[in-house]
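Read the structure below first, then the notes.
The values are calculated or read from the model by the stated rules, or taken from the named source; none is laboratory data. None of these values were measured; they are calculated from a predicted model. Heads up, the Cβs are rebuilt from the backbone with ideal geometry, glycines too, and the neighbour counts pull from every protein chain shown. Note: areas computed on protein heavy atoms with side chains; ligands, DNA, RNA excluded. Shrake-Rupley method; radii C 1.70, N 1.55, O 1.52, S 1.80 Å.
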Amino acid sequence: MSNFVDIHHHLIYGVDDGPRKMEDMQKMILHAANQGVTDIVCTSHATPGGKPFPADRYIAHMEEARQWIAEQGIDMRLYNGCEVLYTDSSARLLKEGHFPSLADTWNVLVEFTPDTDFKRLCDAARSIGNAGFNVIFAHVERYQALRNFNHVKELREEYGVYMQMNASTVIAKKGFFFDRWVRHMLDEGFIDCVATDAHNVSSRPCSMRMCYEMLKERYGRDVALEMCGGFQRNLLGLWLDGTEA
């Protein structure tokens, strides 16, 4: 199976804690292609109000990646984006265009520190939503406040937050209570999509194909396809050939 869409992938080299060199980025591209990923949103880290986002370097290295993909004849498309650490400046700076949204749409991938309290999560959803964006919480398994399923429901129902889980979390076993929480989040449909949060090809690789197979076994082919690509394509308005819907 292929045509997977990865909306959380630290592919661009020399920008954050992802690949350091062009060669490292090329290895990640080949690995993602072997995993059946055809579309990647390149979500380098961004901290509004903190360290300036290196936009010129990001764009230049993105073009290098696109050119290499074309030269190699790889069926893959890359899109702008970033993983925004929520700060008090996030909503304003996103609206002013200081940081790239996901595939240049009104969708934003937002992360927090693991100990962020529930009120802060709501504040983020409210402020970024009021700025006109759809909010996707990155790797929701990391946030202690979301161990409470009522908090999850409120964020989804009252604030319209989408939930992204890392593929490695679906795959790995990390202990009885954590695994039970993961299973409940998936069983109840609280997870809208999976993404790889890939940083390299060793310790934090793209593992979309194995994740898809596990989801298919548990929930069926249609659910697995939706979580690994269908939801993402609809959200970002992408056809299978990479053109906009």
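Here are some notes:
- Rolling a 1.4 angstrom probe over the protein heavy atoms with all chains in place gives the range 1-119 an accessible area of 44 Å² per residue.
- Counting only protein heavy atoms and a probe of 1.4 Å, the accessible surface of the chain is 49% carbon and sulfur.
- Across the chain, the relative contact order, built from alpha-carbon pairs under 8 Å that are at least six residues apart, equals 21 percent.
- In sequence order, calculated HN-Hα J values of the range 167-177 (Karplus, 6.51, -1.76, 1.60; Hz; x Gly/Pro): 4, 5, 6, 5, 7, 7, 9, 10, x, 4, 5
- For the chain, built as a Gaussian network whose Cα springs stay under 10 Å, the top-fluctuating residue of 83, 154, 141: 154
- Surrounding net charge for residue 139, when Lys and Arg each add one and Asp and Glu each subtract one, Cβ distance under 10 Å: -3
- Bridge type composition, the range 96-245 - antiparallel percent by DSSP, nearest 5: 10 percent
- Cα radius of gyration and Dmax for the range 12-169 (Å): 16.4, 49
- Rg(Cα) / (2.2 N^0.38 Å) computed for the range 151-245, rounded to two decimals: 1.13
- ³J(HN,Hα) computed for each position of the range 9-26 - Karplus, 6.51 cos²θ - 1.76 cosθ + 1.60, integer Hz, glycine/proline x: 8, 8, 8, 6, 7, x, 10, 9, 8, x, x, 8, 10, 4, 4, 5, 5, 4
- For the range 1-102, the orientation-averaged shadow of the C-alpha convex hull comes to 6.3 nm² (one quarter of the hull surface).
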